[in-house]
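What follows is calculated from the coordinates using simple rules that are stated; it is not laboratory data. Just so it is clear, the model here is predicted, and its values are computed rather than measured. Glycine gets a Cβ as well: all are built from the backbone with ideal geometry, and neighbour counts include every protein chain shown.
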Amino acid sequence: MLGLKMATDPRWVNIVEKNLEEILIDHAFCEQKAASNSISIIVQYPQYPDLVESMIEICKEEMEHFKMVHDKIKERGFKLGFERKDPYVKDLSNYLKKNKSNSSREGYFVNQMLFAAMIEARSCERFKILSEELQEKDLRDFYRMLMESEARHYVTFLNFAKKYGGKIDVNDRWEEFLKFEANLMTEYGKSETIHG
């Protein structure tokens, strides 16, 4: 369903198990950034009422998830700390910025939607691994629930890219982006972060 062309190395979960504090803190900031991204989309595209409504819902959901992850952090005696950088997200963003198809308003919009969809797709795939492989049942159940939410968000962003992308061949652009992301993933899967 997700269309990702490179699966996460199954050994990634072994790295995560050794440092649950780091994965939870990184995850909390991922949820916070996803909420911020939804707000940014609302500010940039108020002319699409259905998009605005969907982004409001996603923002509320992401902040609810942030709270849930923050609760898990506190339960374990950890502290949120300061934001971590996400090199994977930066690499995706840089690829889209260099893409010449970004020049029109529709092109920029489509790239924003595909950017969000890709992050949701990879997060969904990682949450699935965590929901199946983590030792703690509590965390397995937690990530199972979040995985379903990420899948819905992924579909939402792709659908809006197609709806408001004008004459842009969104499927073609998505395929190109998936190929880039697959190549990128050869560098990731080695750290205890959601996208690392």
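Quick notes on this structure:
- Residue within the stretch 74-81 that is of a type outside the set (A, V, I, L, M, F, W, C) and either touching a His at 6+ places or on another chain (Cβ under 7 Å) or in a helix (DSSP H, G or I) (or both) present: yes
- Single match in Glu192, Glu132 (criterion: touching a residue at least 40 places away in the same chain (Cβ under 8 Å) and touching a Lys or Arg at 6+ places or on another chain (Cβ under 8 Å)): Glu192
- Filtering Ser191, Ser123 for residues that are at negative phi, surrounded by fewer than 19 Cβ atoms within 10 Å (Cβ to Cβ) and among the polar types (S, T, N, Q) leaves a single hit, Ser191.
- Tally of residues being part of a helix (DSSP H, G or I) and under 24 Å from Val16 (Cβ atoms) across the stretch 118-168: 34
- The set of residues in the stretch 5-50 being in contact with an Asp or Glu (Cβ under 6 Å, 6 or more places away or on another chain) and of a type in the set (A, V, I, L, M) consists of Val13, Ile15, Val16, Ile23, Ala34, Ala35.
- Residue in the stretch 85-99 that is on the phi > 0 side of the Ramachandran plot and surrounded by fewer than 20 Cβ atoms within 10 Å (Cβ to Cβ) present: no
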